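The values are calculated or read from the model by the stated rules, or taken from the named source; none is laboratory data. None of these values were measured; they are calculated from a predicted model. All Cβ positions, even for glycine, are placed from backbone atoms using ideal geometry, and neighbour counts span all protein chains on display. In case anyone asks, the SASA skips ligands and DNA or RNA and just uses the protein heavy atoms, side chains included. Shrake-Rupley method; radii C 1.70, N 1.55, O 1.52, S 1.80 Å.
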Amino acid sequence: MKIGELARKTGLATSAIRFYEEQGLISSPARGANGYRHYDERALQQLRIVVAVQNLGFSLDNIRRMFSDDGACSKSRTIEQIELRLAELRALELALAGQRRDIEALKRVLEESIESGRDPMCPTLLKAPRRRSRKPVS
């Protein structure tokens with residue numbers, strides 16, 4: 001199938017398909033005499049897997065590691081990547097829980113300040129708990 005048909009079947013832009021191909025996430029397609037790419041069903045399945053796990057927050061590097069050298073999705077490699085993603089999610093949940101506690105505490109301080117008539121300008125924000133620098137989520 002040509003790239004346009006593959007795009008329709010996956011809901012992806014043709015540029016996204018080319019990008020995934022460049023990134024090694026789908027097998028390189030055969031090319032016809034006219035130079036057009038001709039994708040097979042395997043490419044369709046690979047793209048569906050890529051899109052599904054990317055929607056679950058997996059990075060392209062993690063997704064790449066789910067595939068064997070022959071381009072097949074490896075169950076054991078996928079489980080390894082799932083374990084890593086679950087660890088990332090647990091760490092994120094802990095960080096978010098801490099932020100929630102700090103924000104709720106700050107809200108209480110500000111509400112008490114409003115009720116008591118003290119600190120009308122929000123200087124209590126300067127006393128907000130400081131968190132360590134956040135690690136960017138990839």
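On a straight-distance basis, which aspartates and glutamates could pair with LYS75 in a cross-link, Cα separation under 15 angstrom, same-chain partners fewer than 8 positions away excluded?
Those aspartates and glutamates meeting the cut-off are GLU83.
Charges at C-beta only: +1 for Lys and Arg, -1 for Asp and Glu. How large is the resulting dipole of the chain about its Cα centre, in Debye rounded to 20?
Numbers: 25 positive and 18 negative charges, 31 e Å.
Dipole about the Cα centre, nearest 20: 140 debye.
Lys/Arg Cβ at +1, Asp/Glu Cβ at -1, dipole of the chain taken about the Cα centre: which of LEU86, GLN54, SER15 is farthest positive-ward?
Result: SER15, furthest along the dipole toward the positive end.
Given a 1.4 Å probe and every protein chain left where it sits, what share in percent of the accessible area of the chain is carbon and sulfur? Please report the intermediate quantities before stating the final value.
Numbers: 5480 of 9990 Å².
So the carbon and sulfur contribution to the accessible surface is 55 percent.
Report, in whole Å, the centroid distance computed from the Cα atoms of region 81-107 and region 26-59.
Result: 34 Å between the Cα centres.
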